[in-house]
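**Student:** So that we are looking at the same thing, I have put the structure below in C-alpha cells.
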Amino acid sequence: MVALGEALTSPKGGLTSLDLEMNSIDLECAELLIPFLGPENKRVKQFKIDDHLPPALFAQLSRLDKGGGKKGKKGKKGGKKKKKKVCC
C-alpha cells in the first residue's frame, strides 16, 4: 500500500483517478493511505473505495470527481421567427 501511496503523490506520475470499489481494503491498509490522500494532494481527483470501511475512514479516503468539464447544451440557438398577423 505504501507503493500505491507513493504513486498517488509522485510528481512524475500522472495518476489522477483510481477505482478500487470492487476490491476490499482492510483497515490497516486503508490507514496507510491516509497520509498520501491528504488535502495537500490536489492531483488525485477521484479515489473510489468500497464502503465497508468505518465511515470516518471512508470519508478521509474517498474522493469523487465533481466534474468541471464541459457543460451540456444551453438551449436552442437561432430558430425560426414567428410572423406577425396583420389585421384589417
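**Student:** Restricting attention to region 25-38, which residues are surrounded by 12 or more Cβ atoms within 10 Å (Cβ to Cβ) and either outside any helix (DSSP H, G or I) or of a type in the set (Val, Ile, Thr) (or both)?
**Tutor:** Of everything in region 25-38, those that are surrounded by 12 or more Cβ atoms within 10 Å (Cβ to Cβ) and either outside any helix (DSSP H, G or I) or of a type in the set (Val, Ile, Thr) (or both) turn out to be Ile25, Ile34.
**Student:** Right, another one. Among the residues of region 50-59, is there at least one that is within 16 Å of the chain's Cα centre (by Cα) and at pLDDT 90 or above?
**Tutor:** Taking region 50-59 and keeping what is within 16 Å of the chain's Cα centre (by Cα), we get 50-51, 58-59.
Checking the rest, the ones that are also at pLDDT 90 or above come to 58-59.
Yes; the residues of region 50-59 include at least one that is within 16 Å of the chain's Cα centre (by Cα) and at pLDDT 90 or above.
**Student:** Within region 1-24, track down each residue that is assigned to a loop (DSSP other than H, G, I, E, B) and of a type in the set (Ser, Thr, Tyr). Before the answer, list the steps.
**Tutor:** Kept after step one, since they are assigned to a loop (DSSP other than H, G, I, E, B), are these residues of region 1-24: 1, 10-16, 21-24.
Result: Ser10, Thr16, Ser24.
**Student:** Quick one: what pairs do we get from region 39-52, first residue touching a residue at least 12 places away in the same chain (Cβ under 8 Å) and buried (at least 17 other Cβ atoms within 10 Å of the Cβ), second in a loop (DSSP other than H, G, I, E, B) and small (Gly, Ala, Ser), C-beta under 6 Å, 6+ apart or different chains?
**Tutor:** Ile49/Ser62
**Student:** Now for a separate question. Going through Ala7, Ala56 one at a time, which residue ends up being without any contact (Cβ under 8 Å) to a residue 12 or more places away in the chain, surrounded by 10 or more Cβ atoms within 10 Å (Cβ to Cβ) and aliphatic (A, V, I, L, M)?
**Tutor:** Working: Ala56 fails: surrounded by 10 or more Cβ atoms within 10 Å (Cβ to Cβ).
From the options Ala7, Ala56, the qualifying one is Ala7.
**Student:** Oh, and also: Identify, please: which residue in region 10-24 is polar (S, T, N, Q) and within 18 Å of Asp65 (Cβ to Cβ) and is, among those, surrounded by the most Cβ atoms within 10 Å (Cβ to Cβ)? Can you show your working first?
**Tutor:** Narrowing region 10-24 to residues polar (S, T, N, Q): 10, 16-17, 23-24.
Right, trim to within 18 Å of Asp65 (Cβ to Cβ) and you get 16-17.
Working: Thr16: 13, Ser17: 11.
The extreme case among them is Thr16.
**Student:** Exactly one condition in (1) modelled with pLDDT of 85 or more; (2) surrounded by fewer than 10 Cβ atoms within 10 Å (Cβ to Cβ) is false for Val86; which is it?
**Tutor:** Checking Val86 against (1) modelled with pLDDT of 85 or more; (2) surrounded by fewer than 10 Cβ atoms within 10 Å (Cβ to Cβ), the one that fails is (1).
The values are calculated or read from the model by the stated rules, or taken from the named source; none is laboratory data. This structure is a prediction, so every number in the text was calculated from the model and none was measured. Every residue, glycine as well, gets a Cβ built from its backbone with ideal geometry; the counts of neighbours run over all protein chains shown.
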